Amino acid sequence: MKKAIRKKRNDVGAFFVFMSPSLFAFICVLIIPMLYGFYLTFTDYRPIADTYSFVGLSNYKAVFTDKEFIGQFMKTLGYVFFSTIFSNAVAFMLAYILTSGLRAQNFLRAGFFTPNLIGGIILGYIWKFIFANVVTNIGKRLNYGPLMTSFLTHPDRAILAMIIVTVWQYAGYFMMIYIAGFVGIPRDVIEAAEIDGATGIKKLFRVTIPLMVPSFIICFFISISRGFMAYDLNLALTDGDPYGSTRLASMHIYQKAFQANQYAAGQAEAIILFIVVAVVSVTQVMLTKRFEVES
Amino acid sequence: MDMGEVYMKRLKLLPLILALFMLAALFSSCSGSSKDKPVKITFFNTSAEVNAMFEEMFRRYNEINPNVVIELIPTGIGEGQQEKLQSLYASGNAPTIMNVDPANVIEYSDKLYEFSPEREKWLELMNDGCADAGTFNGKLQGVAYSVQGYGLLYNKRVIDEVFGEGNFDPNSINTRDSLKAFFEKIEAAGIPATMLHGANWSLGGHYLTLSYACQGPATSDGTGFLDKLKEGSIKIEDDPIWQGYMDTLDLLAEYNFNKADPLVADYNKDLQNFAEGKCATLFMGDWSWTVIKDLEGVDTEYGFIPVPWSNNPEDYGNTQVVMVLPKFMAIDKSNNSKEQVQAAVDFLEWMLTDPEGQEFFLQAGFCMPYKNVRKDIKYNSMTESIAQYAAEGRTINLGCFSYITGDAWTQTGNLMLQYLVKAIDRQQLADGINSYWRSVK
């Protein structure tokens with residue numbers, strides 16, 4: 001009995017010794033600011049003013065009556081939906097092809113992964129140049145109307161441009177995760193399926209994909225949460241242009257808090273966004289977990 | 001003894017040297033009388049393109065006044081400058097001097113030092129009107145160091161090709177019809193007549209603001225107009241000046257070089273096309289010179305013409321171009337000690353009125369609004385043109401621009417861009433501008 005208590009005490013002690021530095025940092029830079037930010041949403045705080053007073057829930061009321069925010073939030077939903085679908089589809093296809101024993105597969109893997117090593121800001125500027133100059137030049141050569149004007153000057157096409165770049169950026173990253181998934185499938189299961197007469201497509205859908213559900217969970221989780229919080233690419237590629245139509249949720253929040261000087265209202269929007277991201281990603285994980293199987 | 005050993009020796013010496021330094025620092029901060037106590041002040045700079053100029057200036061000032069150390073807090077172009085200032089204030093580390101937009105001086109008014117013409121005699125050296133421009137809500141809290149202007153820039157070489165050398169008189173453009181005739185003649189010569197830079201700051205911040213500023217020559221005329229918009233007691237579509245400027249915008253849009261894709265808004269590319277003479281005019285200001293001067297194979301001679309909003313040459317705005325003090329120096333007194341504030345005031349005096357201080361600005365191409373600036377200075381052709389309008393008293397007072405704070409020009413500018421590409425009509429544009437101003441408290 002005494003021994004057990006002492007062991008427990010030692011465990012707790014060890015836990016604190018090893019955990020406390022990172023726990024301390026985590027609390028200081030994440031938990032406290034978040035709680036403080038939550039507290040500020042009930043005030044009319046502005047960084048410039050010396051004092052602030054409580055305003056109750058009026059900031060939250062303002063969020064739901066802000067048509068611009070709701071419109072931009074809907075746009076964000078569309079952006080997240082399509083970029084998640086396409087980046088995962090492309091990534092899965094790439095992974096499928098690059099695990100089938102191509103000659104140059106290592107080189108190609110590295111090549112597809114590279115975009116992910118470039119930061120969002122640089123990536124945005126590179127693609128801005130491509131959309132504005134390269135694509136329009138091709139359009140002029142081919143004399144094909146839609147390509148003659150920049151993708152970034154039309155509201156719908158600008159969102160499409162964002163999705164294209166996001167897919168390009170993340171496909172290589174997710175490809176790596178899917179490759180790990182492919183490689184991790186036990187040989188014996190595949191062989192058993194082959195002996196049972198499963199071929200090509202059937203093998204893929206009945207054996208490979210069910211065994212790769214964990215990879216899907218991870219990739220969907222990453223793409224959904226990053227999609228909702230996309231900011232750097234948004235800033236560098238479109239900066240909300242044309243005329244504010246491609247401002248995604250994060251950018252709207254930033255603009256509200258720091259440029260329109262309505263800090264508390266922006267913070268309230270951030271809290272709402274946080275809740276939505278949390279709910280959507282947790283639901284996604286729970287739903288896809290049901291498809292998980294043991295090999 | 002090989003290099004490795006030398007290195008090791010040095011490494012061992014390092015802590016000792018550091019310790020000595022610290023000890024010395026400790027003593028030096030304790031000793032010395034309060035009179036010649038070194039003062040350290042900070043300088044927050046939002047004119048990111050001249051960070052290096054300020055650093056050199058501070059070094060020179062430190063040579064003359066060894067007791068004053070000035071530290072630059074730089075910001076980058078397009079970096080969140082307002083946010084950085086906000087965070088400096090929020091953390092209690094407000095800079096001593098800040099070089100900021102007039103809107104910031106108004107925002108931080110409670111925390112800023114108030115200049116007084118009795119105490120700061122050197123303020124008399126400012127050009128007429130500068131003290132007024134730096135006075136917000138009755139308090140002189142900002143001192144200017146440069147003048148900028150905007151209007152319709154024209155490329156002299158291109159215009160000379162169309163009209164024959166010396167035949168074009170910029171003063172002949174004083175109505176919308178004369179501008180239209182001017183454009184038609186250029187187009188007839190096979191050259192695109194004008195260019196609009198399709199960015200919200202250009203159309204919202206600069207173009208739309210013309211319709212506020214031309215309400216009258218006093219700053220209060222423009223701000224009074226904005227106040228009425230905020231109250232909702234007037235609607236912008238009922239204002240003939242605004243309607244006039246929108247008619248002129250339609251004209252500019254018709255002859256726009258970027259007509260095929262008006263919103264590309266590539267600043268460098270637009271300036272390059274204009275400077276190479278691919279179009280005759282451009283709605284822009286003399287700050288574009290900082291980009292154009294570094295381009296290869298472009299023209300160097302430019303001038304300004306007004307943007308007329310009506311067909312009456314007598315109307316205010318039809319024969320004038322905008323002159324504006326884009327940045328102000330202000331001093332914080334809320335986070336800084338009396339000594340620091342005093343050191344900052346002394347430094348500003350040297351920087352703005354001493355020939356040595358002024359030379360830094362002149363070399364960088366700034367047009368300084370001070371009476372004692374050396375007379376033989378030659379500016380670039382754009383600034384010369386603005387200066388000539390100023391000498392003739394033909395400038396639009398853009399004072400109300402200072403009161404257009406926050407996200408005003410992004411939001412109204414975005415509406416202007418939608419109007420430019422005909423995504424909304426003029427009534428919808430007016431509704432949008434009205435509802436924006438009503439939402440501002």
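Since every read-out is calculated from the coordinates, none of them should be taken as a lab result. A quick note: this is a predicted structure, and the numbers were derived from the prediction, not measured. Don't worry about glycine lacking a Cβ; one is built from the backbone with ideal geometry, like all the others, and counts go over all protein chains shown.
Which whole-angstrom value gives the distance between the alpha carbon centres of region A:229-254 and region B:309-375?
When both Cα centres are located, 35 Å separates them.
Over the protein assembly as shown, what is the percentage of antiparallel beta bridges among all DSSP beta bridges, to the nearest 5?
About 65 percent, rounded to the nearest 5.
Could you run the Karplus curve 6.51 cos²θ - 1.76 cosθ + 1.60 with θ = phi - 60° over region B:430-438 and give me ³J(HN,Hα) per residue in whole Hz, x for Gly and Pro?
4, 4, x, 5, 4, 6, 4, 5, 5
What list of ³J(HN,Hα) values in whole Hz, one per residue of region B:153-169 in order, does the Karplus curve 6.51 cos²θ - 1.76 cosθ + 1.60 (θ = phi - 60°) give from phi, with Gly and Pro shown as x?
Values per residue, Gly and Pro as x: 6, 10, 8, 4, 5, 5, 5, 5, 5, 6, 9, x, 4, x, 7, 8, 10 Hz.
Within a 10 angstrom radius of the beta carbon, how do A:Val276, B:Val345 rank from fewest other beta carbons to most?
A:Val276, B:Val345
For B:Lys40, give me every one of the aspartates and glutamates with a C-alpha distance below 16 angstrom, ignoring sequence neighbours fewer than eight places off in its own chain.
Partners within reach: B:Glu55, B:Glu63, B:Glu71, B:Asp332, B:Glu339, B:Asp346.
Just subtract the alpha-carbon distance of B:Glu71 and B:Asp128 from 0.36 nm times their residue separation and send over the number in nm, one decimal.
17.4 nm
Relative to the longest principal axis of chain B, what angle (0 to 90°, nearest 10) does the C-alpha long axis of helix B:381-391 take?
The two axes meet at around 80 degrees.
Taking every residue in B:260-269, how many Cβ atoms of other protein chains lie within 10 Å of its Cβ, on average?
5
Could you work out the helix-only [θ] at 222 nm for chain A, with each DSSP H run of four or more residues adding -39,500 (n - 2.57) and the total divided by the number of residues, to the nearest 500 deg cm²/dmol?
Here the helix-only value at 222 nm equals -22000 deg cm²/dmol.
By the gyration tensor of its Cα atoms, with a ≥ b ≥ c the square roots of the eigenvalues, what is the shape of region A:140-295: rounded for a/c under 1.5, prolate for a/b over b/c, or oblate?
oblate
Quick one: of B:Lys84/B:Lys338; A:Lys7/A:Lys289; B:Lys139/B:Lys338, which pairs are farther than 26 Å apart, Cα to Cα?
Pairs exceeding 26 Å: A:Lys7/A:Lys289.
Which longest uninterrupted range of chain A lacks any trypsin sites (Lys or Arg not before Pro) assigned by DSSP to a loop state (not H, G, I, E or B) and surrounded by at most 13 other Cβ atoms within 10 Å?
Counting at most 13 other Cβ atoms within 10 Å as exposed, the longest clean stretch of chain A is A:104-289.
Could you let me know the centre-to-centre spacing of region A:111-153 and region A:61-96, using Cα atoms, in angstrom?
Centre-to-centre distance over Cα atoms comes out at 21 Å.
Between B:Ser91 and B:Glu301, what FRET efficiency comes out of the Förster formula 1/(1 + (r/R0)^6) with R0 = 41 Å and r the beta carbon distance, rounded to 0.05?
Working from the Cβ atoms, E equals 0.25.
Can you flag which of B:Lys278/B:Lys378; A:Lys256/B:Lys230; A:Lys75/A:Lys256; B:Lys185/B:Lys375 are past 29 Å Cα-Cα?
Exceeds cut-off: B:Lys185/B:Lys375.
Students often forget the sequence filter, so: which lysines lie under 20 Å Cα-Cα from B:Lys371 once same-chain residues fewer than 8 apart are removed?
B:Lys121, B:Lys327
Using the Karplus curve 6.51 cos²θ - 1.76 cosθ + 1.60 with θ = phi - 60°, what ³J(HN,Hα) values do you get for each residue of region B:85-98, in whole Hz, with x for Gly and Pro?
Ordered by residue, 3J(HN,Hα) equals 5, 4, 6, 4, 5, 4, 8, x, 10, 4, x, 6, 10, 10 Hz.
For region B:234-313, max minus min Cα coordinate along each principal axis, in Å, sorted largest first?
48, 29, 21
Exposure proxy check: A:Tyr39, A:Tyr173 ranked by fewest other beta carbons within 10 Å?
Ordered by Cβ neighbours within 10 Å, fewest first: A:Tyr39, A:Tyr173.
Using a 10 Å cut-off on Cβ to Cβ distances, tally the other chain neighbours for every residue of B:406-418 and report the average as a whole number.
Taking all residues of B:406-418 together, the mean is 4.
Order by neighbour count: A:Leu108, A:Leu237, fewest other Cβ atoms within 10 Å first, most last.
Going from sparsest to densest Cβ surroundings: A:Leu108, A:Leu237.
Once you place label points 7 Å from the Cα toward the Cβ at A:Asn133 and A:Ile5, how far apart are they in nm?
Going by the 7 Å Cα→Cβ label model, 7.6 nm.
Under the classification rounded if a/c is under 1.5, otherwise prolate if a/b is larger than b/c and oblate if not, where does the protein assembly as shown fall, given a ≥ b ≥ c as square roots of the Cα gyration tensor eigenvalues?
oblate
Rounded, prolate or oblate: which fits chain B, taking a ≥ b ≥ c as square roots of the Cα gyration tensor eigenvalues, rounded meaning a/c under 1.5, else prolate when a/b beats b/c?
prolate
Amide H of B:Tyr370: which non-local residues (sequence gap of 5 or more, or other chain) have their own amide H closer than 5 Å, using H built in the peptide plane?
For B:Tyr370, the qualifying residues are B:Asn127.
Return the long-range amide H neighbours of B:Thr46 (sequence gap of 5 or more, or a different chain), with a cut-off of under 5 Å between placed amide H atoms.
HN-HN under 5 Å from B:Thr46: B:Asn99.
Sticking with the crude label model, points 7 Å out along Cα→Cβ, report the distance from B:Gln388 to B:Ala189 in nm, one decimal please.
Inter-label distance under the simple model: 1.7 nm.
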